[in-house]
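*Asks:* Dumping the structure here so I can ask a few things about it.
The values are calculated or read from the model by the stated rules, or taken from the named source; none is laboratory data. Every value quoted in this text rests on a predicted model; they were computed, and no experiment measured them. Cβ placement follows ideal geometry from the backbone for every residue including glycine, while neighbour counts extend to all protein chains displayed.
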Amino acid sequence: MISDSNASLTDIERLRDGIDAAWAEARKFGLDPFPTHFELVPASIMYEFASYSLPGRFSHWTHGKAFYRQKMQYDLGLSKIYEMVVNTNPSYAFLMEMNDLLQNTFVAAHVFGHTDFFKNNAYFQHTSRRMIDKASIHAERIAKYEFDHGKDVVEHFLDSVLSIQEHVDYNLLLHDNDPHRDDDKDEKRGKSGGEYSDLWGLDEKLQKAEEEREMQPGRPPKFPEKPEKDLLLFLLRHAPHLEPWQRDVIEIVRTEMLYFVPQMQTKTMNEGWASIWHSRIMRELGDRGILSDSETIEFAQLHSGVLTPSRTSLNPYYIGYKVFEDIERRWDNPTEEEIARLGRKPGMGRQKIFEVRELDNDVSFLRNYLTEDLVKDLDLYLYKKEGDEWVIAEKNWQKVRDTIVANMTNFGYPYLVVENGDYRGNRELYLKHMFEGQELDLNYAEKTMQHVYHMWGRPVHLETIFEGKRILLTFDGERNSKSTLEK
């Protein structure tokens with residue numbers, strides 16, 4: 001479905017025909033996307049949606065900052081967003097109204113790759129397929145809290161929650177240990193008690209958890225008994241001084257962050273998958289005469305622009321595309337050794353890439369399929385700055401691959417855990433940085449600890465390694481301090 005209030009009927013009809021043809025080709029190739037609703041929007045709306053990440057999401061100054069940065073880059077011709085697609089069922093995709101027919105047909109073909117990936121990849125199976133509706137409800141709740149408690153108070157608390165929004169544990173969803181995720185439970189609560197009914201019983205749950213800890217024989221000297229990665233969930237459950245509306249704000253931010261995690265886990269795969277299918281769909285449209293020769297040449301230029309390698313970073317479109325292409329080639333034409341030792345049969349490339357699309361995320365995708373030949377062909381290497389110059393530091397393909405994979409672990413964010421929620425027996429919060437060779441920005445860490453203190457209400461400590469030494473950062477509510485720990 002396509003909607004727009006400004007474009008002429010003829011333009012809409014031609015675009016609809018192009019999208020219908022792209023959909024038909026996608027289905028012929030074996031893709032199984034969600035039904036997709038397309039909307040043509042002006043640049044200002046496109047960049048507003050992109051800055052909020054979801055239409056109708058709650059208001060916060062960080063979203064406005066992202067909007068003005070992206071819109072300025074667009075106005076200056078430095079970057080351009082061709083589309084935005086939302087992981088829902090049906091999916092919603094937004095096309096730029098000033099794009100021409102060919103560009104939007106090309107974008108629609110790309111979107112069908114994304115929506116097929118959303119529907120079929122294992123890491124998306126636990127995400128809410130009605131997130132636009134949920135985000136709007138969340139925004140209404142936060143707006144009500146701003147009315148009840150004051151905009152500045154709520155925004156200041158949101159600042160604190162958003163400062164650690166990436167520190168959630170998606171594995172809780174995979175193991176069904178997260179009491180906050182079940183959409184069916186949400187629907188039942190909504191039918192029985194309205195949009196705020198998910199807050200009912202929250203205090204009772206917290207009190208029950210506390211009583212269970214107290215009743216355990218041989219109570220451990222600290223809690224949690226095992227380190228917990230999900231900082232937001234720990235604060236939601238155990239922060240002693242939070243009001244119900246504050247716990248709800250934490251849950252809102254956490255719920256929305258968990259929705260985005262699979263997209264962070266599969267960025268390279270998702271863009272590579274969409275790129276490989278938009279290229280094949282558009283090629284078929286050209287072979288069928290739906291695209292003219294000049295349009296085919298223009299598409300080739302657009303496609304080349306999307307896949308252009310970056311000199312300073314990894315282009316996920318390019319890397320994902322080339323890895324999928326290589327997998328298909330190797331499984332279509334296995335070597336005699338692969339046939340004898342691994343039992344591969346020729347012509348299984350298409351089946352293999354669909355299997356990879358279903359089962360992998362970026363970490364396993366690159367660890368398993370970024371081969372020595374690919375690293376050389378893609379000219380991948382590690383570099384560092386020496387003085388005023390950047391120099392190549394490593395070209396060994398295994399080290400290059402392993403470093404790329406390591407940088408994707410935890411999405412490039414520091415891996416922090418709650419080590420002790422009752423440090424010194426004084427309800428102080430002790431966090432630990434699981435150091436993996438990358439030091440923290442201490443100024444950033446100290447400011448973040450102030451935000452954590454705002455939620456916890458008691459002194460906050462963070463253990464990390466800096467310049468080869470174990471150190472402890474502390475914020476006691478008034479000042480930051482740093483001390484060295486014994487090895």
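*Asks:* Limited to region 339-370, what total is found for residues that are part of a loop (DSSP other than H, G, I, E, B) and among the hydrophobic types (A, V, I, L, M, F, W, C)?
*Replies:* Residues in region 339-370 being part of a loop (DSSP other than H, G, I, E, B) and among the hydrophobic types (A, V, I, L, M, F, W, C): 2 in total.
*Asks:* If you don't mind, another one. So S79 passes all but one of these: (1) outside any loop (DSSP other than H, G, I, E, B); (2) without any contact (Cβ under 8 Å) to a residue 40 or more places away in the chain. Which condition number does it fail?
*Replies:* S79 satisfies all of (1) outside any loop (DSSP other than H, G, I, E, B); (2) without any contact (Cβ under 8 Å) to a residue 40 or more places away in the chain except (1).
*Asks:* Determine if region 377-388 includes at least one residue that is touching a Gly at 6+ places or on another chain (Cβ under 6 Å) and over 23 Å from V405 (Cβ atoms).
*Replies:* no
*Asks:* Also: Just give me the residues in region 151-177 being in a helix (DSSP H, G or I), of a type outside the set (V, I, T), under 21 Å from K432 (Cβ atoms) and at pLDDT 95 or above, in sequence order.
*Replies:* Start the filter on region 151-177 by keeping residues that are in a helix (DSSP H, G or I), which leaves 151-162, 171-174.
Of the ones still in play, those that are also of a type outside the set (V, I, T) are 151-152, 155-160, 162, 171-174.
Subsequent filtering for residues that are under 21 Å from K432 (Cβ atoms) retains 160, 171-172.
Correct list: S160 only.
*Asks:* Could you go through region 350-358 and let me know if any residue there is out of contact with any helix residue (DSSP H, G or I) (no Cβ under 7 Å at 6 or more places or on another chain) and touching a residue at least 40 places away in the same chain (Cβ under 8 Å).
*Replies:* yes
*Asks:* Right, A406: assigned to a helix (DSSP H, G or I) and modelled with pLDDT under 95 or not?
*Replies:* It is true that A406 is assigned to a helix (DSSP H, G or I) and modelled with pLDDT under 95.
*Asks:* Follow-up. Go through region 435-444 residue by residue and tally those that are aliphatic (A, V, I, L, M) and either assigned by TED's automatic domain parsing to the domain that holds H156 or within 22 Å of the chain's Cα centre (by Cα) (or both).
*Replies:* So the answer is 1.
*Asks:* Pick from region 441-468 the residues that are charged (D, E, K, R) and out of contact with any Leu (no Cβ under 8 Å at 6 or more places or on another chain): which of them is surrounded by the most Cβ atoms within 10 Å (Cβ to Cβ)?
*Replies:* Per the criteria, the residue is K447.
*Asks:* Now a separate question. Which condition number does D148 fail, the rest of (1) assigned by TED's automatic domain parsing to the domain that holds M257; (2) part of a helix (DSSP H, G or I); (3) in contact (Cβ under 8 Å) with a residue 40 or more places away in the chain; (4) surrounded by 14 or more Cβ atoms within 10 Å (Cβ to Cβ) being met?
*Replies:* Every condition holds for D148 apart from (4).
*Asks:* Could I ask something else about it? Please state which one of D373, D422 is in a helix (DSSP H, G or I) and acidic (D, E).
*Replies:* D373
*Asks:* Any residue at all in region 120-131 that's more than 19 Å from the chain's Cα centre (by Cα), outside any strand (DSSP E or B) and buried (at least 17 other Cβ atoms within 10 Å of the Cβ)?
*Replies:* Taking region 120-131 first, the residues more than 19 Å from the chain's Cα centre (by Cα) are none.
The answer is no, given that none of the residues of region 120-131 is more than 19 Å from the chain's Cα centre (by Cα), outside any strand (DSSP E or B) and buried (at least 17 other Cβ atoms within 10 Å of the Cβ).
*Asks:* Ok, one more. Checking the conditions here, which among L431, L485, L382 is among the aliphatic types (A, V, I, L, M), surrounded by fewer than 15 Cβ atoms within 10 Å (Cβ to Cβ) and either closer than 30 Å to S310 by Cβ or in contact (Cβ under 8 Å) with a residue 60 or more places away in the chain (or both)?
*Replies:* The unique qualifying residue is L382.
*Asks:* Evaluate region 334-344: report whether one residue or more is closer than 19 Å to L31 by Cβ, surrounded by 15 or more Cβ atoms within 10 Å (Cβ to Cβ) and at pLDDT below 95. Quick ask: steps written out before the conclusion?
*Replies:* First, the residues of region 334-344 that are closer than 19 Å to L31 by Cβ: none.
No; the residues of region 334-344 include none that is closer than 19 Å to L31 by Cβ, surrounded by 15 or more Cβ atoms within 10 Å (Cβ to Cβ) and at pLDDT below 95.
*Asks:* I want to confirm something. Restricting to region 55-76 and keeping residues that are under 18 Å from S136 (Cβ atoms) and in contact (Cβ under 8 Å) with a residue 60 or more places away in the chain, which single residue is surrounded by the most Cβ atoms within 10 Å (Cβ to Cβ)?
*Replies:* In this case the residue turns out to be F58.
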